[in-house]
Amino acid sequence: MSFPRTMVGGLSVSRMIIGTNWFLGWSHQSPAKDHLIKSKMDRKAIADVLEVFFRSGVDTIMGPLAQNPSIFDAIKDAEDRTGAKCIKVDTPIINVQDTDAGRDETKAILDKVAASGAEICMPHHTSVERLLDRSTQQIRRLGEYTNMIRERGMIPGLSAHMPEVLAYADQNDYDVETYIQIYNCMGFLMQIEVEWIHKLITNAKKPVMTIKPMAAGRVTPFVGLNFVWNTIRDQDMVTVGTMTPAEASEVIELSFAILERRSPNIGVRSSPSKYTVPR
């Protein structure tokens with residue numbers, strides 16, 4: 001079965017996007033968990049996970065890819081195994097200083113991103129949010145960076161943790177085709193209430209790439225994915241990170257089941273004291 005797709009700036013992408021935090025070591029839990037990820041996720045381990053996604057039509061990956069070039073070997077291995085073509089969404093950290101040196105550095109970074117084959121370029125939230133001006137409700141000099149991205153043949157988008165980024169992009173009709181927005185049932189790392197973010201996504205002019213659906217492991221896949229898939233629009237996306245092929249298979253089957261409104265074909269959790277309850 002091929003996973004449902006949507007369009008971003010004229011490009012077809014899978015509605016499930018492969019996240020990279022659980023490949024690169026950003027657990028949002030503890031330094032020990034970060035270390036565990038980095039110690040386990042080598043080229044083969046990442047390729048094994050990607051293979052499962054690619055075989056189900058989940059062919060889009062997101063993260064600061066060009067700034068972590070070791071991941072490209074794993075992508076290539078999984079592409080060779082499956083015959084899939086991976087769609088790359090890069091979220092580079094750029095220099096947004098209003099100086100010639102800052103612009104030159106950013107151009108060099110974006111050259112590297114384009115050379116790596118990224119189709120969509122969404123400057124990292126840590127860069128974008130430095131340009132945010134709440135007093136004027138603008139993102140200062142954003143056009144400079146979206147022009148740089150267009151000039152290199154990529155589709156521009158915006159990564160964001162602050163919900164104002166999405167709101168101001170729409171309000172000012174900036175040249176962006178999609179946005180990243182944190183969205184989960186716990187409100188984890190969300191700066192305003194879940195209900196407000198839901199309204200923001202529902203009213204967004206462009207497709208939204210939601211991230212952290214399971215609150216970085218704080219809710220189960222069944223709970224986290226049911227919430228997000230059932231409260232976004234058909235054009236929006238869900239970004240999911242996993243560490244093993246089995247986890248990838250599970251979130252894919254769960255997502256298919258949610259979208260098809262059926263029970264998922266997965267096992268139950270191995271917690272105790274359920275032996276008296278029939279399945």
Would you mind telling me which residue in SER135, SER116, SER14 has the biggest mean-square fluctuation in a Gaussian network model of the chain, where springs connect alpha carbons within a distance under 10 angstrom?
SER135
Nearest 10 degrees is fine. How inclined is helix 71-82 to the longest principal axis of the chain, computing both from alpha carbons?
50
Can you give the angle from 0 to 90° between the axis of helix 142-151 and the longest principal axis of the chain, with both taken from C-alpha atoms, to the nearest 10?
80
Within region 174-253, trypsin sites (Lys or Arg not before Pro) in DSSP loop having at most 15 other beta-carbon neighbours inside 10 Å
LYS205, ARG218, ARG233
Between the residues GLN137, VAL113, SER255, the Cα farthest towards the positive end of the dipole of the chain, that dipole coming from +1 and -1 charges on the beta-carbon of Lys, Arg, Asp and Glu, is from SER255
Ignoring ligands, DNA and RNA, what percent of the accessible area of region 1-122 is carbon or sulfur (1.4 Å)?
53
Calculate how many DSSP beta bridges within the chain are antiparallel, expressed in % of all such bridges and rounded to the nearest 5.
25
Here region 1-144 gives, from Cα atoms, an Rg and Dmax in Å of 16.8, 51
On each of the three principal axes the extent of the alpha-carbon atoms of region 1-79, given in whole Å and largest first, is 39, 23, 23
For the chain, what is the calculated [θ] at 222 nm in deg cm²/dmol (nearest 500), taking -39500 (n - 2.57) for each run of four or more DSSP H residues and dividing by its residue count?
-12000 deg cm²/dmol
Please give me, ordered by residue number, the GluC sites (Glu not before Pro) of region 173-279 that lie in loop per DSSP and have at most 14 other Cβ atoms within 10 Å.
GLU193
Using the Kirkwood radius over Cα pairs, work out the Stokes-Einstein diffusion coefficient for region 145-242 at 37 °C and 0.692 mPa s, in µm²/s as a whole number.
237
Set of lysines with alpha-carbon distance to LYS85 below 27 Å, sequence-local pairs under 8 removed:
LYS38, LYS40, LYS44, LYS76, LYS107, LYS112, LYS206, LYS212
Quick one: Cα centre-to-centre distance for region 168-195 and region 6-65, in angstrom?
21
For region 108-137, which trypsin sites (Lys or Arg not before Pro) are both in a DSSP coil and crowded by at most 11 other Cβ atoms within 10 Å?
ARG134
The helix 100-115 Cα axis meets the longest alpha-carbon principal axis of the chain at an angle in degrees, between 0 and 90 and rounded to 10, of 40
Can you give me the three principal axis dimensions of the chain from its C-alpha atoms, in Å, biggest first?
68, 41, 38
Taking the Cα atoms of region 110-198, report the difference between the largest and smallest coordinate on each principal axis, in whole Å and largest first.
38, 28, 19
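The values are calculated or read from the model by the stated rules, or taken from the named source; none is laboratory data. Computed from a predicted model, the values in this text were never measured in an experiment. No Cβ is skipped: glycine too gets one built from the backbone with ideal geometry, and neighbour counts run over all protein chains shown. Protein only, heavy atoms only, side chains kept; ligands, DNA and RNA dropped before computing areas. Shrake-Rupley method; radii C 1.70, N 1.55, O 1.52, S 1.80 Å.
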